[in-house]
Amino acid sequence: WLDARDGTGPAELEAAVRQILKFIENHGESRFTNLDAPIDERIRTINRVGFRKATDEGTKYFVLPESFRLELCKGFDSSSVARELARRGFLQPGENGKFSRSERSPDGTKQRVYVLRVPDEPNTTTEDDEINRLAEADAAK
């Protein structure tokens, strides 16, 4: 039954994380304005949910708060999802225990966003893979 439910963690949180990763996989180019492009060469972003910027660790996605709650976390409790994303290292939390951060937007104003750090080559190791790896390591002792 563990195989059927995709791991040993809370199934709802696993489903939420997968939903967000799938959203970024499907819409990473089209729904996030590319901050690496010069301002006069940026393509208009239809139905924008945020901004993206390439970094050495992968692409950072700056997700607008309402888009995070209503689109990326649709059907889930956004606070619980943000906590789980931070636990897994996908979300860069802000100060004072907040999951959103104050960042400068392209127009120069500060605004709150959820900063997601998604590696360009995501690690596809599942929780089950990790459990099996640890069990094999224990058996080899």
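Residue under question is ARG31, and the condition is that it be open to solvent by 60 Å² or more (accessible area, probe 1.4 Å) and of a type outside the set (S, T, N, Q); does it hold? Judged against the criteria, ARG31 is not a match.
I need a count of the residues in segment 34-64 that are more than 20 Å from GLY94 (Cα to Cα) and of a type in the set (Lys, Arg). Within segment 34-64, residues that are more than 20 Å from GLY94 (Cα to Cα) and of a type in the set (Lys, Arg) number 3. Of the residues making up segment 53-74, those that are modelled with pLDDT of 95 or more and open to solvent by 80 Å² or more (accessible area, probe 1.4 Å) are GLU66, ARG69, LEU70, LYS74.
Kindly indicate whether GLY94 is within 22 Å of HIS27 (Cα to Cα), among the small types (Gly, Ala, Ser) and modelled with pLDDT under 95. It is false that GLY94 is within 22 Å of HIS27 (Cα to Cα), among the small types (Gly, Ala, Ser) and modelled with pLDDT under 95.
The values are calculated or read from the model by the stated rules, or taken from the named source; none is laboratory data. Because the structure is predicted, anything quoted here is derived from the model rather than measured. Side chains are part of the model used for accessible areas, which takes the heavy atoms of the whole protein and leaves out ligands, DNA and RNA. Shrake-Rupley method; radii C 1.70, N 1.55, O 1.52, S 1.80 Å.
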